[in-house]
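K.L.:
Structure below; questions to follow.
The values are calculated or read from the model by the stated rules, or taken from the named source; none is laboratory data. Computed from a predicted structure; not experimentally measured. Here the Cβ is made from the backbone with ideal geometry for all residues, glycine too, and neighbour counts use every protein chain on show. What goes into the accessible areas is simple: the full protein's heavy atoms, side chains included, and nothing from ligands, DNA or RNA. Shrake-Rupley method; radii C 1.70, N 1.55, O 1.52, S 1.80 Å.
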Amino acid sequence: MLALGGCGQSAGASAEAAGETVTIEHAQGSTAVPVNPETVYTFDLGVLDSLDALGLEADGVPEAVFPESLAKYEDAKYTKIGSMKEPDFEAISAGAPDLIIISGRTAGAYGELSKIAPTIDLSVDQAKPLESFTEQAENLGRIFEAEDLVSEKLAVIDARIEETKAKSADAGKGLVILTSGGEVTAYGAGSRFGLVHDVLGVPTAADVKADGAHG
């Protein structure tokens, strides 16, 4: 759900030629971004999936284990811009992107990346995942002049959420767990994966109080 789906598209080419920009409010401030940027780098796979859902492509992506739906980005024709946590500043600078999109894992590099190109932090707020995701999707719509398409995609997601909530109340309790480094941890409502409870309405199986990225 948190993935709605240069970008090389011809739509809005006149706006790009005119140097038109749009101001995007994001997790680390406010940034003037070119409309329909030609070369786009993103470190966030959720944003990458959102772009794909909108019929757009990123030009630069991190070295990552991509889900099957995004497996094409393993191809060498897409510039590799570092790892999910550590940007390759040299490769990014050499590629001269028009827009860089980051999120939580690369949030600390915002200042340095902003020296290379307009950079926006489209991290989703875990305290309000659906509202935050909607805002970020609408930001992409403004940047790529795809507001109507984004609205259509969001309406489909809203409908699926309501369908799920109608079933989840009677489907029993749920618990989200993570296995990593030989340890098992759990997530509760309001956490990194709390949308299962907070948005989709699955009752919690345990009152998990611990906070943190790893549950």
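K.L.:
Which of the following residues is modelled with pLDDT under 95 and over 30 Å from Lys165 (Cα atoms): Gly95, Gly82, Gly6?
P.N.:
Gly6
K.L.:
Among the residues of the stretch 172-191, write down those that are open to solvent by less than 80 Å² (accessible area, probe 1.4 Å), under 16 Å from Pro203 (Cβ atoms) and of a type in the set (A, V, I, L, M).
P.N.:
Scanning the stretch 172-191 gives Val176, Ala186, Ala189.
K.L.:
What's the number of the only condition in (1) at pLDDT 95 or above; (2) within 23 Å of Ala107 (Cα to Cα); (3) open to solvent by 30 Å² or more (accessible area, probe 1.4 Å) that Ser50 fails to meet?
P.N.:
Among (1) at pLDDT 95 or above; (2) within 23 Å of Ala107 (Cα to Cα); (3) open to solvent by 30 Å² or more (accessible area, probe 1.4 Å), the lone unmet condition for Ser50 is (3).
K.L.:
Go through the stretch 131-169 and report how many residues are within 15 Å of the chain's Cα centre (by Cα), closer than 19 Å to Gly194 by Cα and open to solvent by 30 Å² or more (accessible area, probe 1.4 Å).
P.N.:
Qualifying residue count, the stretch 131-169: 3.
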